[in-house]
Amino acid sequence: MTTANAGVRDRYSAVAIALHWLIAALTLTNIGLAWYFDDLTGLARVAPTQLHKSIGITVLLLSLLRLGWRLVSRPPPLPAGTAPWERLLAEAVHGLFYVAMLGLPLTGWAMVSASPLIHVFPIKLYNVVPWPAIGPLTSLPHDQMKSAHKALALSHGLLGKLTYGLIVLHVGAALMHQFVRRDVIVSRMIPFLRRA
């Protein structure tokens, strides 16, 4: 096996790289949108909230695709010298990212379904594609709908905070690997980055 061929297997696949960066960009966009519309009231809040919903559903679909791809195309192994605690932490952070990437849009979808406003502002992806509400939640009695909405909003908010922490850990680890250890970890996910 040539050195060039050996190097290919310690990078993520092109599909995994594309999905990683697309989901990351959409997630950061949705965080920014949430911060933006959180201070808005009335009709000014509708358009950014609808866009937030569209991006959230897109992240859900892409995350399911990414999870499926990960099952058929295993990620490259960590370098041989990686300490056991680092392996455990890396696996935990990646696992929790999947919890957040799936949990945030699912709780958001459920939360807006458990609101009387779903009948006024149905989910329409990018103002083009109708997306169904979660039927049983839309027909709950008022008190139950209010309780469900509150619980789902709390879950959505907690998953958001988890995501903030994971982003800090993930970016911090990437910077440490790239600029302190100067190893190959980051170059596995950034195609144009020179390898250490």
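Among the residues in region 139-150, are any touching a Ser or Thr at 6+ places or on another chain (Cβ under 8 Å) and either modelled with pLDDT of 95 or more or loosely packed, with under 12 Cβ neighbours inside 10 Å (or both)? Spell out how you get there, then give the answer.
Step one: list which residues in region 139-150 are touching a Ser or Thr at 6+ places or on another chain (Cβ under 8 Å), which gives 145, 149.
Now narrow it down to the ones that are either modelled with pLDDT of 95 or more or loosely packed, with under 12 Cβ neighbours inside 10 Å (or both): 145, 149.
Checked against the condition, which is being touching a Ser or Thr at 6+ places or on another chain (Cβ under 8 Å) and either modelled with pLDDT of 95 or more or loosely packed, with under 12 Cβ neighbours inside 10 Å (or both), region 139-150 yields at least one hit.
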**Prompt:** Somewhere in region 85-98, is a residue at pLDDT 95 or above, touching a Leu at 6+ places or on another chain (Cβ under 7 Å) and under 16 Å from residue 19 (Cβ atoms)?
**Reply:** yes
**Asked** Taking residue 145, is it over 21 Å from residue 48 (Cα atoms) and either over 24 Å from the mean Cα position of the chain (by Cα) or among the charged types (D, E, K, R) (or both)?
**Response** yes
**Item:** Top-ranked residue of region 1-15 - restricted to ones that are under 15 Å from residue 192 (Cα atoms) and of a type in the set (Gly, Ala, Ser), ranked as modelled with the lowest pLDDT
**Value:** 7
**Options 170, 177: the member that is within 25 Å of residue 15 (Cβ to Cβ), within 23 Å of the chain's Cα centre (by Cα) and in contact (Cβ under 8 Å) with a residue 60 or more places away in the chain** = 170
**Prompt:** Given 87, 74, 66, which one is within 18 Å of residue 188 (Cβ to Cβ) and crowded, with 16+ Cβ neighbours inside 10 Å?
**Reply:** 66
**Prompt:** Residue check: is residue 54 more than 18 Å from residue 174 (Cβ to Cβ), buried (at least 16 other Cβ atoms within 10 Å of the Cβ) and not basic (Lys, Arg)?
**Reply:** yes
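This table checks each residue for (1) in a helix (DSSP H, G or I); (2) touching a Pro at 6+ places or on another chain (Cβ under 6 Å); (3) among the charged types (D, E, K, R).
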| residue | (1), (2), (3) |
| --- | --- |
| 22 | yes, no, no |
| 34 | yes, no, no |
| 53 | yes, no, yes |
| 75 | no, no, no |
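Here are 150, 146, 161: which of them is under 24 Å from residue 24 (Cβ atoms) and assigned to a helix (DSSP H, G or I)?
On the way: 150 fails: under 24 Å from residue 24 (Cβ atoms); 146 fails: under 24 Å from residue 24 (Cβ atoms).
The conditions single out 161.
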**Item:** Exclusive hit being over 16 Å from residue 59 (Cβ atoms) and touching a strand residue (DSSP E or B) at 6+ places or on another chain (Cβ under 8 Å), set 116, 122
**Value:** 122
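The values are calculated or read from the model by the stated rules, or taken from the named source; none is laboratory data. Predicted, not measured: the structure shown is a model, and the values here were computed from it. Reconstructed Cβ throughout: ideal geometry from the backbone, glycine too, with neighbour counts over all protein chains shown.
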